[in-house]
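Structure, as structure tokens:
Just so you know, all these numbers are worked out from the coordinates, no wet-lab data involved. Model, not experiment: these values are computed from the prediction. In this analysis, Cβ positions are derived from the backbone assuming ideal geometry, glycine residues included, and neighbour counts consider all displayed protein chains.
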Amino acid sequence: SYRCRSAFKLLEMDDKRSILRPGLCVLDCGTAPGAWAQVAVQRVNAAGSDRDAPVGFVLGVDLLHVFPLEGAVFLPHSDITDPDTQNKIQEVLPKGKVDVILNDMAPNATGIRDIDHQRLIGLCLSVADLARHVLVPGGTMLCKLWDGSESHRLQKRLMQDFAEVRTLKPQASRMDSSEKYYLAKSYRLQR
Ligand code: SAM
């Protein structure tokens, strides 16, 4: 069983858009309580459950504590926007790089829609900056946002950095009207 129903959103998006496969290395931003990490571990075969398939790697980062999960490495009590965290991430990654960045982070909601929207866009943009250091050319980024006036800024940024950007709205998040995801594929080499 999954730690959180958010797992079904990732399962649905991955079934439709093939984001994960055995052998890939994944960075999961905002990983607590760990449901997306559970899905990622299964789909990239990070615990080596499928002996015939390549073994992947999953690194999860969160401000909060995360209970251990077989096949995943966690950096708890870590702010993704902190340069120290970015250094630690690179140290922990087997090759210093990842194939996929998952970003399901959410700031503490104020309830004021515009402010929450802007804060989340800010977090997404800092993950786009982090990608410069850790994402392989050709890599993928999946990014949660709450739709609003600044969404186009993030979309524009992703369209500069990736060859293909699409908007996903999984069934499982239909109850949350402003929540959507940008799936950005084929990361262009950044310099
Ligand atoms: N995908 C997760 C799962 O399936 O279990 C759920 C993620 S939850 C919606 C959002 C998480 O983002 C929270 O646990 C929160 O602590 C984390 N978060 C928010 N801001 C963060 C930051 N600056 N750095 C790291 N994590 C952050």
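Fully extending the segment from residue 92 to residue 5, taken as 0.36 nm per residue of separation minus the present Cα-Cα distance, adds 28.5 nm.
Peptides 166-176, 66-76 ranked from most to least packed by the mean count of surrounding Cβ atoms within 10 Å: 66-76, 166-176. When only alpha carbons of the chain are considered, Rg and Dmax amount to 15.4, 50 Å.
Each principal axis of the Cα atoms in segment 106-191 has its own extent, and those three values, largest first, are 38, 25, 19 angstrom.
If one puts a single equal scatterer on every Cα of segment 1-91 and applies the Debye formula without solvent, what log₁₀ I(q)/I(0) results at q = 0.10, 0.14, 0.18, 0.19 Å⁻¹? The Debye formula, applied to the Cα set alone, gives -0.24, -0.47, -0.77, -0.85. Each 10 Å bin from zero up to the one holding the largest Cα-Cα distance in segment 38-121 carries the following percent of pairs: 15, 41, 30, 12, 2. Under 5 Å between amide hydrogens, built in the peptide plane, is the criterion, and for residue 74 it picks out 60 among residues at least 5 positions away or on other chains. Between residue 160 and residue 77, the FRET efficiency estimated from the beta carbon spacing at R0 = 35 angstrom works out to 0.60.
As a calculated quantity, the FRET efficiency between residue 109 and residue 84 at R0 = 30 Å, using C-beta atoms, amounts to about 0.70. Scanning residues 5 or more positions from residue 3 or on other chains, those with amide H under 5 Å from its amide H are 35, with H placed 1.01 Å from N in the peptide plane.
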